[in-house]
Amino acid sequence: MLLNALFVGRVMCIMNDEIQQLFDDQLASWELAATNYAALSQVKTKVFDVGGYTYKVQFNPARIISSAAEVDAQSIRERKCFLCAANRPPEQKGILYNGRYEILVNPYPIFPRHLTIPALVHTPQLIIDHFGAMLDLAQQMSDYVIFYNGPKCGASAPDHFHFQAGSKGFLPLEIDPDPEFPRTILYATDSRQLAIDRFQYVYGKMSLHSDDVEPKMNVLVWFEAGLWMVGVVLRRKHRPACYYAEGDANILISPAAVDMGGVFITPLAKDFEKITVDDIMAILDEV
Ligand SMILES: [Zn+2]
């Protein structure tokens, strides 16, 4: 038991260190990533109190690529998958994980350190067979929150399975993990099996909307003081009505795990300037 704990502790350090090394290498050799991480330090943020909970709004122009991604079946068919190794920028390097995933620096960051973790194989975005791996990643990448966006809940590549990870100390849900956090089922356990059982229970209880392949959800997992923290956000809609609205009513926001975890991303200045507490509440209620 002690040996096992020592082993896991050692693996955790190695993973965090190895990823930090990857960041250092990529920011030194990949101009797109270096530019976008440098821009992140200049990014504007507003803080709101939404019903007693902190929500931040981040003005992040580089995220337009994800927020406005066309994710309908035809658009997906007609584009090259940017998570398949063959189509990635030559500068992008990765760390192989368990022979099944690759850990990559996300060149369009929201977090001070932001990773994309695609499966090696081009398989659809479906969480159920990957949840155990998500727990293992969270434990071994203990400096990070691991998160998952369902195929119709913010994933910009619904055809290629992937997690993302972001540095701790950024998302309000992780900073202050309150079980009452809006629209989220949050639980903590030191048992990997119990974490899986509870997730499967919630998954089984969620309704499946017509032409969906899995219940609509965002999932966030992190490991803290020997406990897995699991947040499951139950979703009704992919994008709110304001995303499609014309004129002044338009707010280009496409909520995903990060937004539901307390950081709304607005790629357009007009939306960052005008967004109010009421808008945030309305979007949370709607999606
Ligand atoms: Zn792919």
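The values are calculated or read from the model by the stated rules, or taken from the named source; none is laboratory data. In this text, all values refer to a predicted model and were calculated from it rather than measured experimentally. Cβ: placed from backbone, ideal geometry, glycine included. Neighbour counts: every protein chain shown. The protein model used for the area step is the full one, side chains on, heavy atoms only, and it has no ligands, DNA or RNA in it. Shrake-Rupley method; radii C 1.70, N 1.55, O 1.52, S 1.80 Å.
Going by the structure shown, is residue 93 over 17 Å from residue 140 (Cβ atoms), of a type in the set (Lys, Arg) and more than 16 Å from the ligand (Cβ to nearest atom)?
Values: over 17 Å from residue 140 (Cβ atoms): yes; of a type in the set (Lys, Arg): yes; more than 16 Å from the ligand (Cβ to nearest atom): yes.
Here the answer is yes, as residue 93 does meet what is asked.
Among the listed residues 69, 38, 86, identify the single one that is exposed (fewer than 14 other Cβ atoms within 10 Å of the Cβ), hydrophobic (A, V, I, L, M, F, W, C) and within 16 Å of the ligand (Cβ to nearest atom). Talk me through it step by step, then tell me what you get.
Values: 69 fails: exposed (fewer than 14 other Cβ atoms within 10 Å of the Cβ); 38 fails: within 16 Å of the ligand (Cβ to nearest atom).
After ruling out the rest, the residue left standing is 86.
Which of the residues spanning the stretch 156-171 are within 16 Å of the ligand (Cβ to nearest atom) and either without any contact (Cβ under 8 Å) to a residue 40 or more places away in the chain or open to solvent by 10 Å² or more (accessible area, probe 1.4 Å) (or both)? Show your work before the answer.
Here is the first cut: in the stretch 156-171, the ones within 16 Å of the ligand (Cβ to nearest atom) are 156-164.
Passing the criteria: 156, 158, 159, 162, 164.
For the stretch 142-155, how many residues are open to solvent by less than 50 Å² (accessible area, probe 1.4 Å) and more than 16 Å from the ligand (Cβ to nearest atom)? Steps first, please.
From the stretch 142-155, those open to solvent by less than 50 Å² (accessible area, probe 1.4 Å) are 142, 144-151, 153-155; that's our starting set.
Checking which are more than 16 Å from the ligand (Cβ to nearest atom) leaves us with 142, 144-148, 150, 153-154.
Residues that pass the stated criteria total 9.
List, please: which pairs have Cβ atoms under 6 Å, are six or more places apart or on different chains, and start with a residue in the stretch 79-91 that is assigned to a loop (DSSP other than H, G, I, E, B) and end with one that is of a type outside the set (Gly, Ala, Ser) and more than 10 Å from the ligand (Cβ to nearest atom)?
From the stretch 79-91, the pairs are 91/30.
Considering 80, 44, which residue is open to solvent by 50 Å² or more (accessible area, probe 1.4 Å), in contact with a helix residue (DSSP H, G or I) (Cβ under 9 Å, 6 or more places away or on another chain) and away from the ligand (no atom under 16 Å from the Cβ)?
Numbers: 80 fails: away from the ligand (no atom under 16 Å from the Cβ).
Selected residue: 44, the only one of 80, 44 that is open to solvent by 50 Å² or more (accessible area, probe 1.4 Å), in contact with a helix residue (DSSP H, G or I) (Cβ under 9 Å, 6 or more places away or on another chain) and away from the ligand (no atom under 16 Å from the Cβ).
List the pairs whose first member sits in the stretch 203-232 and is on the phi > 0 side of the Ramachandran plot, whose second member is open to solvent by 60 Å² or more (accessible area, probe 1.4 Å), and whose Cβ atoms are under 7 Å apart, counting only residues at least 6 apart or on separate chains?
Hits for this filter: 226/190.
Quick one: which residue in 156, 210 is in contact with a helix residue (DSSP H, G or I) (Cβ under 7 Å, 6 or more places away or on another chain), among the polar types (S, T, N, Q), assigned to a loop (DSSP other than H, G, I, E, B) and within 23 Å of residue 284 (Cα to Cα)?
On the way: 210 fails: in contact with a helix residue (DSSP H, G or I) (Cβ under 7 Å, 6 or more places away or on another chain).
Criteria check complete, one pass: 156.
I need the full set of residues from the stretch 227-274 which are among the charged types (D, E, K, R) and either assigned to a loop (DSSP other than H, G, I, E, B) or surrounded by 15 or more Cβ atoms within 10 Å (Cβ to Cβ) (or both), in order please. I'd like the intermediate steps shown before the answer.
First, the residues of the stretch 227-274 that are among the charged types (D, E, K, R): 235-237, 239, 246, 248, 259, 270-271, 273-274.
Correct list: 235, 236, 237, 239, 246, 259, 271.
Can you work out which of the residues in the stretch 1-34 that are more than 18 Å from residue 97 (Cα to Cα) and modelled with pLDDT under 95 is most open to solvent (accessible area, probe 1.4 Å)?
For the stretch 1-34, the residue satisfying everything is 1.
Which ones in the stretch 37-52 are at pLDDT below 95 and polar (S, T, N, Q)?
The answer is 41, 42.
Search the stretch 115-130 for residues that are within 22 Å of residue 193 (Cα to Cα) and pair each with any residue that is more than 10 Å from the ligand (Cβ to nearest atom) when their beta-carbon atoms are under 6 Å apart and the residues are at least 6 apart or on different chains.
126/214; 127/148
Please work out if residue 112 is in a loop (DSSP other than H, G, I, E, B), farther than 30 Å from residue 226 by Cβ and open to solvent by 20 Å² or more (accessible area, probe 1.4 Å).
Numbers: in a loop (DSSP other than H, G, I, E, B): yes; farther than 30 Å from residue 226 by Cβ: no; open to solvent by 20 Å² or more (accessible area, probe 1.4 Å): yes.
It is false that residue 112 is in a loop (DSSP other than H, G, I, E, B), farther than 30 Å from residue 226 by Cβ and open to solvent by 20 Å² or more (accessible area, probe 1.4 Å).
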